[in-house]
Amino acid sequence: MSSVYDWKQLEQEIGSVLESNQDYRSIIEGVRPLLQKLLTYEELIPAAYQEPLPNKYAQYLLYKPDNEAFSVIAFIWGAGQTAPVHDHLVWGLVGLYRGSVIEKRFKREDRGESAEPRYSIREVSEVKADKGDITFVYPPDYDIHGVSNPFDEIAITVHIYGTDIGKQERHIHDVQTGTYRDVVTRHDNPVPIYS
């Protein structure tokens, strides 16, 4: 593989998928092979961006087109680091670039307007994802998950979302109380690594 990844080609290929598909599941299936190819690129993430932050996972914006129709993000997970249960409100794919993570999937079950709490969050599955594995998210039924790295080595995940996820308002869910709070998880780098 060449030493320079062709981000403009990726932009064109994802643009073609988005032009010819309207439903999230078809978009996921169209973008999946593009992420699979991206995961094989050994020099995708510069060494300076391959270390987790001391207090939380790192979130680095690798690339986004000018129209922000999608974004490519690298998450760097230190041993024991966890993302709370959250949603995305947009389609996305998560690929394992290095190491392993545990992904827990959740389903929101509404209880009605007058119920307190109005909904509950129920865990529906748990999987260990290893290098090369790809999972996905999209609303409303496949959008809520939590990710953790309970292992001793650093894990790196590469995500492609249907917007700049670092600007996307979404929610962190409290599984115990059936409540949520709004959140925007901003990138740890102010500008994309690649342009």
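The values are calculated or read from the model by the stated rules, or taken from the named source; none is laboratory data. Values in this document were obtained by computation on a predicted structure and should not be read as measured data. No Cβ is skipped: glycine too gets one built from the backbone with ideal geometry, and neighbour counts run over all protein chains shown. Keep in mind that these areas ignore ligands, DNA and RNA; they rest on the heavy atoms of the full protein, side chains included. Shrake-Rupley method; radii C 1.70, N 1.55, O 1.52, S 1.80 Å.
Relative to a virtual label point 7 Å from the Cα of Leu53 in the Cα→beta-carbon direction, which members of the range 140-182 show backbone nitrogen distances below 15 Å? The answer is 166-167.
Longest stretch of the chain clear of exposed loop sites (trypsin sites (Lys or Arg not before Pro), DSSP loop, at most 16 other Cβ atoms within 10 Å, sites excluded): 1-55. Cross-link pairs exceeding 18 Å between alpha carbons, from the set Lys64/Lys167; Lys37/Lys131; Lys8/Lys64; Lys64/Lys131; Lys128/Lys167: Lys64/Lys131; Lys128/Lys167.
Applying 1/(1 + (r/R0)^6) with r as the Cβ-Cβ distance of Glu13 and Glu116 and R0 = 30 angstrom yields a FRET efficiency of 0.05.
Only Cα pairs under 8 Å and 6+ residues apart enter the sum, and on that basis the relative contact order of the range 40-195 stands at 33 percent. A Cβ-based charge dipole, computed about the Cα centre of the range 16-128 with Lys and Arg at +1 and Asp and Glu at -1, lands at about 340 debye. Taking 0.36 nm per residue of sequence separation and removing the Cα-Cα distance, the Ile102/Asp23 pair yields an extension gain of 25.7 nm. Loop sites here are GluC sites (Glu not before Pro) outside DSSP states H, G, I, E and B with no more than 10 other Cβ atoms within 10 Å. The longest part of the chain free of them is 43-112. Accessible surface for the chain, divided over its residues, is 51 Å² per residue with a 1.4 Å probe. In the complete set of protein chains, residue-level accessible area for Leu39 is approximately 20 Å², probe 1.4 angstrom. Here the simple spin-label model places points 7 Å from the Cα toward Cβ, and for Thr82 and Val175 these points are separated by 0.8 nm. The share of accessible area on the chain that comes from carbon and sulfur is 48 percent, using a 1.4 angstrom probe.
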